[in-house]
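The values are calculated or read from the model by the stated rules, or taken from the named source; none is laboratory data. Computed from a predicted structure; not experimentally measured. Cβ sites come from the backbone with ideal geometry, for glycine too, and all protein chains shown count toward neighbours. SASA here: full protein model, heavy atoms, side chains in, ligands and nucleic acids out. Shrake-Rupley method; radii C 1.70, N 1.55, O 1.52, S 1.80 Å.
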Amino acid sequence: MAEAYPNQAFRCLLCSQNYNQLRELPCFHTFCSTCLTLYIKAEHVAGDDDRPFFPCPVCDRPTAPITPNPFVDTWAKAFPINPISLAPTAENADVQDCAACLRDEENSPAEVWCTYCTEFLCKQCRVSHKRNKVSAEHKLLPITDARDASGFFDISISENCPTHTDKMLDVYCLDHSEMCCSVCVSLLHRTCSNIKSMEEVVRKTMQCSRETEWQEIRDEAEKMLEDDDAEIAKINSKEKEVSANMTKHVKHAKDHLDGMHATCQTECSRQFDLFRQQLAFRRQHNEAFHTKSTNTALLMSHQLGSDRQRFITREKAKGQLSGHFRCVDKNTKKQPEAYDITLNIETVIGDIMKLTRKYRHDIDKITKVTECF
């Protein structure tokens with residue numbers, strides 16, 4: 001599976017570029033720290049300034065900052081790093097800087113990788129790391145041994161509840177397809193009748209899990225993009241066809257239609273611009289879903305660890321994709337599936353020759369036709 005994505009890296013769902021200082025929200029969607037900060041500030045300005053939360057850019061889930069404070073430009077950096085998306089890039093392939101030293105505005109070459117903290121450490125910080133009671137048991141690997149065959153770092157997947165961070169994810173609600181901790185069950189799933197232990201669900205699910213399911217979702221998302229591109233090409237071609245047909249008839253009444261010709265072109269261009277805007281809006285959402293499905297397929301193709309950890313990762317990914325797809329569907333279901341315009345001018349060309357304002361009637365007819373799609 002590692003060969004399926006030889007040159008790809010995880011990409012931000014906001015900027016579609018490789019992650020930079022990535023941060024994970026409680027709904028498990030991940031974004032660049034800078035992108036998330038800009039988004040939160042924009043949401044805060046557009047909404048209620050006193051609102052103590054913001055909607056996830058992908059699934060719209062209300063998200064409160066981990067450490068509430070009035071300075072919204074600090075909210076994004078407080079969210080945890082998503083270590084599972086740390087992937088090799090041209091910038092980090094060889095020399096790494098010690099993360100602890102960077103926080104103190106120093107630069108020191110790193111020697112080891114901490115799988116628990118998901119950070120690089122230099123020689124001096126490695127010693128301090130081992131001496132510290134809290135981090136003494138963390139697994140440290142030489143940088144050369146920290147990557148797997150595909151170049152990904154050895155990491156530990158958090159099994160804690162994203163809402164109640166001091167509790168383990170130990171049960172699974174089949175009614176909501178949701179991993180829960182004991183507090184989640186007592187507060188949010190009291191009426192649910194189908195609650196199973198994580199161990200039982202992990203065992204049954206991983207036995208029948210298919211390695212190709214993530215690739216299939218990614219392929220379907222790619223097909224959605226291809227359909228959008230094909231539709232854009234179609235309306236561009238149709239615009240040329242309509243414009244040529246219109247010009248042909250205008251030529252027969254050149255003396256009367258010089259001014260009307262320019263106006264008609266403007267009206268057509270405006271309508272096609274509207275089509276392009278509608279398709280661009282839909283494609284933007286589909287591209288984000290394609291990016292997410294690509295990230296998920298890439299992640300699952302390199303997933304290591306125990307069945308439990310792979311199951312937790314799988315459920316997180318499933319939840320992300322489901323929430324993302326619902327958001328895509330909500331935002332695009334009112335968009336037309338196809339676009340077309342037919343210019344009917346032959347039957348009125350005689351009247352156009354007599355009535356200098358007759359062209360307005362046909363432009364209105366074009367607009368009415370488009371409203372029927």
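Yes/no per residue for (1) among the charged types (D, E, K, R); (2) within 30 Å of LEU169 (Cα to Cα):
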| position | (1), (2) |
| --- | --- |
| ILE235 | no, no |
| PHE272 | no, no |
| PHE275 | no, no |
| ARG282 | yes, no |
| LEU299 | no, yes |
| SER306 | no, yes |
| GLN309 | no, yes |
| GLY323 | no, yes |
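To keep it simple, each residue is scored yes or no on (1) within 14 Å of the chain's Cα centre (by Cα); (2) open to solvent by less than 40 Å² (accessible area, probe 1.4 Å); (3) farther than 24 Å from GLU159 by Cβ; (4) modelled with pLDDT of 80 or more.
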residue	(1), (2), (3), (4)
GLN17	yes, no, yes, yes
CYS56	yes, yes, no, yes
CYS59	yes, yes, no, yes
PRO80	no, no, no, no
ALA99	no, yes, no, no
THR118	no, yes, no, no
> Under 7 Å by Cβ, and 6 or more places apart or on different chains, what pairs join a residue from region 170-192 that is surrounded by 17 or more Cβ atoms within 10 Å (Cβ to Cβ) with one that is of a type in the set (Lys, Arg)?
Replying inline: VAL171/LYS196; TYR172/LYS196; CYS181/LYS167
> GLU239 is checked against (1) open to solvent by less than 50 Å² (accessible area, probe 1.4 Å); (2) under 30 Å from CYS173 (Cα atoms); (3) out of contact with any Asp or Glu (no Cβ under 7 Å at 6 or more places or on another chain); (4) of a type outside the set (A, V, I, L, M) and fails just one. What number does that condition carry?
Replying inline: (2)
> So which of GLN265, GLN215 ends up being in contact (Cβ under 8 Å) with a residue 12 or more places away in the chain, surrounded by 16 or more Cβ atoms within 10 Å (Cβ to Cβ) and among the polar types (S, T, N, Q)?
Replying inline: GLN215
> Only one of these conditions is not met by PRO109: (1) open to solvent by 30 Å² or more (accessible area, probe 1.4 Å); (2) at pLDDT below 75. Which number is it?
Replying inline: (2)
> Can you name every residue in region 309-350 that is open to solvent by less than 70 Å² (accessible area, probe 1.4 Å), at pLDDT below 70 and assigned to a helix (DSSP H, G or I)?
Replying inline: VAL348, ILE349, GLY350
>> Can you list residue pairs whose Cβ atoms sit under 7 Å apart, with the first residue in region 295-319 being free of Cβ contacts under 8 Å to residues at least 12 places away in the same chain and the second being open to solvent by 30 Å² or more (accessible area, probe 1.4 Å)? Count only pairs 6 or more apart in sequence or on different chains.
In response: GLN303/ARG310
